[in-house]
Amino acid sequence: MTKDQNQMWGGRFAAGPDAIMEAINASIGFDQRMAAQDIAGSRAHAAMLGAVGIISDTDADAIREGLLTVLSEIEAGTFQFSTALEDIHMNVEARLKDLIGEPAGRLHTARSRNDQVATDFKLWVRDQMDAAITGIDALMKAFLDQAKAGADWVMPGFTHLQTAQPVTWGHHMLAYVEMLARDKSRFEDARARMNTSPLGAAALAGTGFAIDRHMTAKALGFDRPAANSLDAVSDRDFALDFLGAASICAMHLSRFAEELVIWSSAQFRFVTLSDRFSTGSSIMPQKKNPDAAELIRAKVARVMGANVALMMVMKGLPLTYSKDMQEDKEQVFDAADNLMLALAAMTGMVSDMTANRDSLHAAASSGFSTATDLADWLVRELGMPFRDAHHVTGSLVAMAEAKSCELSDLSLEQMQSVHKGITDGVYDVLTVENSVASRLSYGGTSPTRVREQIAAWEKVL
Ligand code: ARG
């Protein structure tokens, strides 16, 4: 073997790769992030090879010990990663050979980089699913705390970003708890579905060695070995499941980020963000900008972009492994990093923000937000069909608008000029407090229902 030849497969080659080939081919620049998973997979594989007698116990022990040394070198930052060795799998194995010599060459018995990389990547993605679940839990708690603090505070509810009906702050905060609970369950579902071990599928066809795939699966925390070796090496659904769940979660974060941007503006003043999660302007001294919220709003673009990119990478690949699949990792790494950062930043912002009760109340009381309550009153008290009540209320809104006042500012005489049956009792339903209190239907915004939901979530979280 000449010194240019690859030490892993050089036997068949007369020359080493062109520098450009090396540059396009190497993944060590990014897949070194899977070093711990690679070493865990190799240690499980070596233990199994020893246990079933494919290699000697002495060799298995030497390999397992040597791999721990390699791991400690990587963790200490003293490990020399080599592009010529292409990826994390070959970097680790080559270093193992330096450390323990001949037994290192027995590690790759009954295994291929195809099942190896699938195993490493699954372990890495599984950790990220767990991290996402933990991160979502923390954010749900932050929203729940906000809901508790202002369970009955009244704010405007919007449709089309136009004032619709009064709602409670607690109800609005709990809407995000619901969304996040679905996000969490998507990660939990994906984790349960993906937890099968590719290790031992070898290149694609399985192996003639009498390996014990159940043993390695168990050692790595998988529920069982993947049942079809062709599928095991060519499956990246777990990464797509992760990116899909991450995209929807990031989209939810982005929607609240958008609300924070609007709510923290001088025109709304619904919330005050803490200094810890805001920035100033280099020219305008009065500015306090919601940069973290804006960045979270943008993060969904790259998470979703990763999802689309990996889908495109996979869509045209015949079974089984193709080198295209090496392009899976950077997308997932970037999406995972940014999702975790967005979750942490959102948790910080939600925990720190102060809702401005008076501004919320004032906004809830404007924009004829209790017009529906008035129409409902006409139905209930005067027996009017709802469509007629809607019409009468519309005329009253037009009158109030022309007088630049709210519905409750109209006198009884003015109201009776539109419909003579209207009585004094109507004023009761025009207050925002009575409006929210009346919405007692299951899932409705009344403080009574909100407090029940808070209690239920407190048990869960
Ligand atoms: N670096 C490769 C990857 O990330 C490892 C698998 C290589 N397998 C192969 N048959 N060339 O996918």
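Sort largest first and round to whole Å: the equivalent ellipsoid semi-axes of the range 392-461, each the square root of five times a Cα gyration tensor eigenvalue.
On the way: eigenvalues 253, 27, 16 Å².
The equivalent ellipsoid of the range 392-461 has semi-axes of 36, 12, 9 Å.
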- Message: Taking all protein chains in place and a 1.4 Å probe, what share, in percent, of the accessible surface of the chain do carbon and sulfur account for?
- Response: 53 percent
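So if R0 is 25 Å, what FRET efficiency would Asp424 and Thr448 give, r being the distance between their Cβ atoms, rounded to the nearest 0.05?
Working: r = 26 Å, r/R0 = 1.05.
Taking R0 as 25 Å, the efficiency between Asp424 and Thr448 is 0.45.
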- Ranking Arg193, Arg357 from most to least accessible area with a 1.4 Å probe gives Arg193, Arg357
- Å² per residue, accessible surface of the range 309-461 at 1.4 Å: 50 Å²
- Task: Arrange the residues Arg297, Arg182, Arg255 by how much accessible surface each exposes, largest first, with a 1.4 angstrom probe.
- Result: Arg255, Arg182, Arg297
- Protection proxy (average C-beta count within 10 Å per residue), highest first, orders 143-149, 377-383 as 143-149, 377-383
- Taking the alpha-carbon centroid of each part, what is the distance from the range 273-295 to the range 395-411 in angstrom? 39 Å
- Message: Strictly over 18 Å apart at the Cα level, which of Lys184/Lys218; Lys141/Lys288; Lys148/Lys184; Lys184/Lys459 would you flag in this model?
- Response: Lys184/Lys218; Lys141/Lys288; Lys148/Lys184
- What accessible surface, in Å², does a 1.4 Å probe find on Lys323, ignoring ligands, DNA and RNA and rounding to the nearest 10? 80 Å²
- Other-chain or far-sequence residues with amide H under 5 Å of Gly157's (modelled H): Ala164, Gln165, Val167
- Extent of the range 349-403 along each principal axis, from alpha carbon coordinates, in Å, largest to smallest? 48, 26, 15
- Query: Based on the alpha-carbon gyration tensor of the range 366-432 and its eigenvalue square roots a ≥ b ≥ c, which shape applies: rounded if a/c is under 1.5, prolate if not and a/b is larger than b/c, or oblate?
  - Reply: rounded
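When the solvent-accessible surface of protein heavy atoms is calculated with a 1.4 angstrom probe, in what order do Met179, Met34 fall, highest first?
Working: Met179 25, Met34 0 Å².
Reading off the accessible areas and sorting them downward yields Met179, Met34.
Using Cα pairs closer than 8 Å and at least 6 residues apart in sequence, work out the relative contact order for the range 372-461, in percent.
That works out to 20 percent.
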- For peptides 299-308, 164-173, 18-27, sequence by mean Cβ density within 10 Å, most packed first: 164-173, 299-308, 18-27
- Potential extension, Glu381-Ser72 segment - 0.36 nm per residue separation minus Cα distance: 103.4 nm
- Message: If you average the C-alpha positions of the range 58-117 and of the range 24-39 separately, how far apart do those two centres end up, in angstrom?
- Response: 12 Å
- To the nearest 0.05, what FRET efficiency results for Met399 and Leu341 with a Förster distance of 45 Å applied to their C-beta separation? 0.30
- Note on the structure: Taking N as the residue count of the range 49-123, its alpha carbon Rg divided by 2.2 N^0.38 Å gives 1.11
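Taking the solvent-accessible surface of protein heavy atoms with a 1.4 Å probe, what is the per residue accessible area of the range 1-66 in Å²? Walk me through the numbers before you get to the answer.
Working: 3540 Å² over 66 residues.
Per residue, the range 1-66 has an accessible area of 54 Å².
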- Among the lysines, select those whose C-alpha is under 23 Å from the C-alpha of Lys323, and discard any that sit fewer than 8 residues away in the same chain. Lys122, Lys315
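For the chain, report the convex hull volume of the alpha-carbon atoms normalised per residue, in Å³, without decimals. Before the final figure, lay out the partial values.
Numbers: hull volume 93.3 nm³, N = 461.
Cα convex hull per residue, to the nearest whole number: 202 Å³.
Counting DSSP beta bridges with both partners in the range 70-227, what percentage is antiparallel, nearest 5? Don't skip to the end; give the middle numbers.
Numbers: 6 of 8 bridges.
If we restrict to bridges inside the range 70-227, about 75 percent are antiparallel.
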- Message: Give me a comma-separated list of calculated 3J(HN,Hα) values for the range 440-448, in order, Karplus coefficients 6.51, -1.76, 1.60 applied at θ = phi - 60°, integers in Hz, x for any Gly or Pro.
- Response: 8, 4, 4, x, x, 8, 5, x, 4
- Computed over the range 329-461, Kirkwood Rh from alpha-carbon pairs, angstrom: 18.2 Å
- Under the Debye formula (equal points on every Cα, no solvent term), log10 I(q)/I(0) of the range 2-142 at q = 0.17 Å⁻¹: -0.98
- Task: Would you please state which residues of the range 429-461 a label at Ala181 would reach in this model, taking the label point 7 Å out along Cα→Cβ and a backbone N cut-off of under 14 Å?
- Result: 443-444, 450-461
- Query: When ligands, DNA and RNA are left out and all protein chains stay put, how many square angstrom of accessible area per residue does the range 171-257 have with a 1.4 Å probe?
  - Reply: 40 Å²
- Message: Explain nothing, just the number: relative contact order of the chain, from Cα pairs under 8 Å at least 6 residues apart, as a whole percent.
- Response: 16 percent
- Task: Express the relative contact order of the range 412-461 as a whole percentage, based on alpha carbon pairs under 8 Å and six or more residues apart in sequence.
- Result: 16 percent
- Query: Of the beta bridges DSSP finds with both residues in the chain, what % are antiparallel, to the nearest 5?
  - Reply: 80 percent
- Note on the structure: By the mean-Cβ-within-10 Å protection proxy, highest first, 46-53, 240-247, 287-294 rank as 240-247, 46-53, 287-294
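The values are calculated or read from the model by the stated rules, or taken from the named source; none is laboratory data. Fair warning: this is a prediction, and the values are worked out from it, not measured in the lab. Using ideal geometry, Cβ is built from the backbone for each residue, glycine included, and neighbour counts are taken over all protein chains shown. The accessibility values were calculated without ligands, DNA or RNA, using every heavy atom of the protein model including side chains. Shrake-Rupley method; radii C 1.70, N 1.55, O 1.52, S 1.80 Å.
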